[in-house]
Amino acid sequence: MKLPAFLSHCLRPVRRRHPDRRSSRQYTWSRPSRNAAASSLALSLLLLSPLHAAPPTADSIAVRVQACTACHGDQGRATNQGYFPRIAGKPAGYLHAQLLNFRDGRRNNALMSGLVQHLSDDYLREIAEHFAAALLPYPPPQTTGAPPALLARGEQLVRRGDTARDLPACAACHGAALTGVSPAIPGLLGLPRDYLNAQLGQWRTGQRRAAEPDCMARIAARLSAEDIGAVSAWLSSQRLPADTRPARALPQALPEPCGSVGAQQPQGLGPAYGSDSQAAHGENDRRAAPDKNDGQAVSRMKNGS
Ligand code: HEC
Ligand code: HEC
């Protein structure tokens, strides 16, 4: 798949030495000229929110990831509308795993895969750490027209699970506050309903995979289509708690083994991905105005075409 022109233009991977790394094969992106980037971005139908970031005067990671914000919103905060998932403030180990998944074919989205295909593990880790450290306000939740019975079913599955279907509560892994658990489990709030539906559907069809044992694949397989609609409708209409940070640890063992959690603890991504750095960030508030988003781009985005 071809990258949209504006992205190839802004993000053309260039080969050069990274000052802090030993690897001689380190890829970074060329620094876009502000005017060229702005005009090609403005022309693009894919551009859903304007760039608000500071002028690219320094070659910082913040500058190099500016192009991500064309889809993922200002500083990666996205919105709760449309399809693009928020990436700001998610656990760094989780974000890193997803960037590797797109690059290595365990997640299927041609836009994302195209963007990261030439980037090294280390550079993707740097990007993941950058977005994980961004603790930013969330927009208000999506409104839902779902019937109360469906929402009640969604809440039941999320908070208590369903023994008849051998389903543990989503909260048993995603945290009681549903804000995720560092380093590897993402939160479930603040994501668009369409995105949630698509992810659970992709796990059922094998288009999205995580490290084995892939607990989410097993859980998604036990959910009916109606259950998926119910959890997505309920989750996407919930407010974030006052503290939106991922929990530091689960109070109890996982109800089922998850390869993406086990593989990342305690070595490898362990210490560097603790939530200590996140604790240093300031107050969250939920006053952010939702960015304008374009629902028509949703189906295009789902396939990355
Ligand atoms: C052209 C639009 C576009 C751009 C630019 C883009 N993304 Fe994405 N990104 C998406 C879409 C669409 C998805 C959801 C894909 C899916 O359905 O699996 C996604 C998913 C992700 C996810 C997974 C989120 C989650 O909760 O699992 C991460 C992480 C991510 N992108 C990071 C980045 C980074 C870092 C950049 C910049 C290098 C970037 N994206 C640039 C469209 C984009
Ligand atoms: C046994 C633990 C466990 C349970 C129970 C569980 N999850 Fe997950 N979930 C995970 C892990 C681990 C990941 C990260 C997978 C990866 O690395 O791709 C995840 C990821 C997800 C994602 C991807 C989020 C994103 O930003 O793309 C969604 C959506 C999700 N889970 C929904 C649910 C729902 C809904 C339930 C309840 C019906 C549930 N999960 C129950 C462990 C669990």
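I want the local charge near Leu223. Using Cβ-Cβ distances under 13 Å, sum +1 for each Lys or Arg and -1 for each Asp or Glu among the other residues.
+1
Take the alpha carbon atoms of segment 88-109, find their center, do the same for segment 213-230, and report the distance between the two centers in whole angstrom.
Using only Cα atoms, the two centres lie 20 Å from each other.
How long are the semi-axes of the ellipsoid equivalent to segment 68-206, from square roots of 5 times the Cα gyration tensor eigenvalues, in whole Å, largest first?
27, 17, 15
Applying 1/(1 + (r/R0)^6) with R0 = 22 Å to the Cβ-Cβ distance of Glu256 and Asp104, what FRET efficiency is obtained, to the nearest 0.05?
So the FRET efficiency works out to roughly 0.40.
Which whole-Hz ³J(HN,Hα) couplings does segment 109-119 yield from phi under the Karplus relation 6.51 cos²θ - 1.76 cosθ + 1.60, θ = phi - 60°, glycine and proline marked x?
For segment 109-119, the Karplus curve yields 8, 4, 5, 5, 5, x, 5, 9, 4, 9, 9 Hz.
Fewest Cβ neighbours within 10 Å first, please rank Arg218, Arg209 accordingly.
Final ranking by Cβ density, sparse to dense: Arg218, Arg209.
Please identify every one of the trypsin sites (Lys or Arg not before Pro) in segment 220-256 that sits in a loop by DSSP and has no more than 16 other beta carbons within 10 Å of its own beta carbon.
Arg239, Arg248
Test of understanding: ordering His130, His118 by Cβ neighbours within 10 Å, fewest first, what list do you get?
His118, His130
What is the local net charge at Ala134, summed over the other residues whose Cβ is closer than 12 Å to its Cβ (Lys, Arg +1; Asp, Glu -1)?
Value of the local net charge: +2.
We did not get these values from a lab; they are worked out from the coordinates using the rules stated. Quantities reported herein were computed from a predicted structural model and do not represent experimental measurements. Cβ sites come from the backbone with ideal geometry, for glycine too, and all protein chains shown count toward neighbours.
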